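Enquirer: Take a look at the following structure, please.
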Amino acid sequence: MPCLCNNRNPYNDDICGTFMITAGNSLTVYAIDTSAPAIPPLPISGSVSVKASGGGNVDVTIRNSIGASIDTFTVPVGSTFTRTYGDIGFVALLNNSSSASGEYGLSLHY
């Protein structure tokens, strides 16, 4: 008998927005609800895109579904970075030096 999990339909979410962060502040753009975890836990894979269009550079922090840091990177002003992950649980944007503005996009697959 085949495993029923293999017949599951995939679900996708696209989360997009703009941001303006003042110096020393952060913006959480995505966080899973850890108060009601799935049983068994299902990893959420997908891509994170950040465009820094004004002000200073943008630091991006990615954590997995159990809260462990899996990546941090800096997007220089005038640039767009996109990275893909096998397990995304948290995404935050930070600017330490000055205000920063731009756009973000997450394409998530369940």
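Enquirer: Please give the contour-minus-distance gain from residue 79 to residue 66: 0.36 nm per residue of separation, less the Cα-Cα distance, rounded to one decimal in nm.
Expert: Fully extending the segment from residue 79 to residue 66 adds 1.7 nm.
Enquirer: 5 Å is the cut-off here: which amide hydrogens, built 1.01 Å from N in the peptide plane, fall below it relative to residue 29, excluding neighbours closer than 5 in sequence?
Expert: Excluding prolines and chain starts, which carry no amide H, the hits are 91, 92, 93.
Enquirer: Only one of the listed values, (1) -0.67, -0.84, -1.18; (2) -0.32, -0.51, -1.24; (3) -0.58, -0.73, -1.17, was derived from the coordinates as log10 I(q)/I(0) by the Debye sum over Cα atoms at q = 0.10, 0.13, 0.23 Å⁻¹; which label is it?
Expert: (2)
Enquirer: Roughly how many debye, to the nearest 20, is the charge dipole of the chain about its Cα centre, given +1 on each Lys and Arg Cβ, -1 on each Asp and Glu Cβ, and no other charges?
Expert: Roughly 80 debye, rounded to the nearest 20.
Enquirer: Carbon and sulfur: what percent of the chain's accessible surface (1.4 Å probe)?
Expert: On the way: 3480 of 6520 Å².
C and S fraction of accessible area: 53 percent.
Enquirer: While we're on this one: Counting only heavy atoms of protein chains, what accessible area per residue, in Å², does the chain have with a probe of 1.4 Å?
Expert: Solvent-accessible surface per residue comes out at 59 Å².
The values are calculated or read from the model by the stated rules, or taken from the named source; none is laboratory data. Just so we're clear, the structure is a prediction, and the values are computed from it rather than from any experiment. Don't worry about glycine lacking a Cβ; one is built from the backbone with ideal geometry, like all the others, and counts go over all protein chains shown. The area values use the complete protein model at the heavy-atom level, side chains included, leaving out ligands, DNA and RNA. Shrake-Rupley method; radii C 1.70, N 1.55, O 1.52, S 1.80 Å.
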